[in-house]
Amino acid sequence: MPPSAPIDPRQSMRAQLAYALRLMREAKGLSQDGLAKELYTTRESIAAYESQRNRPDKDFCKKLDDFFETGELFQGLWHHARREHIHEWLEAYFAHESESLEIRSFQPLYIPGLLQTEGYMRAAAAKGQVDEDQIRQRLARRGILTRAENQPHLFVVLDEAAILRRSHDGSVMHEQLQYLLDATELPRIHVQVVRIADGWYHGLKGAMIVLTKPDRLRIGYVEAQFGGRLVQEPAEVTRLGIRFDEIRGHALSEEATRALIQKTMETMRHDPVA
């Protein structure tokens, strides 16, 4: 068997958890297969945890603490790792998204990625930092909404600010809003807007997504300035789902949302600044 790849524990809390697992296993003189037998799991699972392909759940971390007699070391690492915001988890999110049967997305400032035009993607990129590979990846990602089989139901709630914000080229946002209207003609896409005039609500605390997969497993995703965090603990995902429903309760109906988007497009067309 080839030697395991080194783990840098300074990279993230998830890496620290993987590092601690390998360190304690080797200190016991156990192979991955040997530890798997002690804990009634598979060698593949231990390998996946140490390579960071998967992350152990809370119950497994308790088993590790009991076996290695480390108090709550692994449980503490798990707690912080699950709350960590790192860029690499976006790739993990995309994998979950592509398998989902239902996507519930709230965005207070941006049009959600699945409904963005190429022009909008380019306009939203940091100045001088358009990544062509990323643009291609994001355009391909939209294909799940029109694929031949297993198209997900997409429920989107936007703050009105997301449809009002314009780029220097007014035509970009006009094209984006038309694309949004066209998307709402598809039977599995539902878009609603919360009006700015309706005041404060929980959505102002940040963007969030809840995915439902074929096995009914639900996964959440929340965004931050320098990365995002997958939310996988059932109780926390349930809270996100309730929060989404609370936000949606403040939104206009789908029909009223279409009318608002059309009115916004008309304003942009006649506004000389646009």
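FYI, it's all coordinate maths here, none of it is from the lab. Given the structure is predicted, the values throughout are model-derived calculations rather than measurements. All Cβ positions, glycine included, derive from the backbone under ideal geometry; neighbour counts span all protein chains shown.
I need the phi-derived Karplus couplings for the range 249-264: 6.51 cos²θ - 1.76 cosθ + 1.60, θ = phi - 60°, integer Hz, Gly and Pro marked x.
Running phi through 6.51 cos²θ - 1.76 cosθ + 1.60 with θ = phi - 60° gives x, 8, 7, 5, 5, 4, 5, 5, 5, 4, 5, 5, 5, 4, 5, 5 Hz.
Hey, if you put +1 on the Cβ of every Lys and Arg and -1 on every Asp and Glu Cβ in the range 172-274, which of 201, 257, 228 ends up farthest toward the positive end of that dipole?
228
Between residue 79 and residue 200, what is the FRET efficiency for a Förster distance of 45 Å, r being their Cβ-Cβ separation, to the nearest 0.05?
0.90
Using θ = phi - 60° and the Karplus relation 6.51 cos²θ - 1.76 cosθ + 1.60, list the HN-Hα couplings for the range 154-167 in order, rounded to whole Hz, with x at every Gly or Pro.
My calculation for the range 154-167 gives 10, 10, 10, 10, 10, 6, 4, 4, 5, 9, 8, 5, 10, 8 Hz in order.
Quick one: if the Förster radius is 51 Å, what FRET efficiency do residue 168 and residue 66 give, using the C-beta to C-beta distance and rounding to 0.05?
Rounded to the nearest 0.05, the efficiency is 0.30.
Given a Förster distance of 35 Å, report the FRET efficiency between residue 102 and residue 48 from their Cβ-Cβ distance, rounded to the nearest 0.05.
0.85
What's the longest piece of the chain with no exposed chymotrypsin sites (Phe, Trp or Tyr not before Pro), counting a site as exposed if DSSP puts it in a loop and it has at most 15 other beta carbons within 10 Å?
41-199
Stretch residue 142-residue 130 to full length: gain in nm at 0.36 nm per residue minus the Cα-Cα span?
So the extension gain works out to 2.5 nm.
Starting from the 7 Å offset along Cα-to-Cβ, what nm value, one decimal, do you get for the label separation of residue 256 and residue 39?
The modelled label-to-label distance comes out at 5.2 nm.
Name the shape class, rounded, prolate or oblate, that the alpha-carbon gyration tensor gives for the range 124-269, where a ≥ b ≥ c are the square roots of its eigenvalues, rounded holds for a/c under 1.5, and otherwise prolate holds if a/b is larger than b/c and oblate otherwise.
Because its axes are fairly even, with a/c under 1.5, the range 124-269 counts as rounded.
Just check the range 185-257 against the gyration tensor rule for me: Cα atoms, a ≥ b ≥ c as the square roots of the eigenvalues, rounded for a/c under 1.5, and otherwise prolate or oblate depending on whether a/b exceeds b/c.
oblate
Would you work out if the range 132-197 is rounded, prolate or oblate? Take a ≥ b ≥ c from the square roots of the eigenvalues of the alpha-carbon gyration tensor; rounded if a/c is under 1.5, else prolate when a/b is larger than b/c, oblate otherwise.
The shape class here is oblate.
Just subtract the alpha-carbon distance of residue 175 and residue 149 from 0.36 nm times their residue separation and send over the number in nm, one decimal. Can you show the working numbers first?
On the way: separation 26, 0.36 × 26 = 9.36 nm, distance 2.78 nm.
Answer, rounded to one decimal: 6.6 nm.
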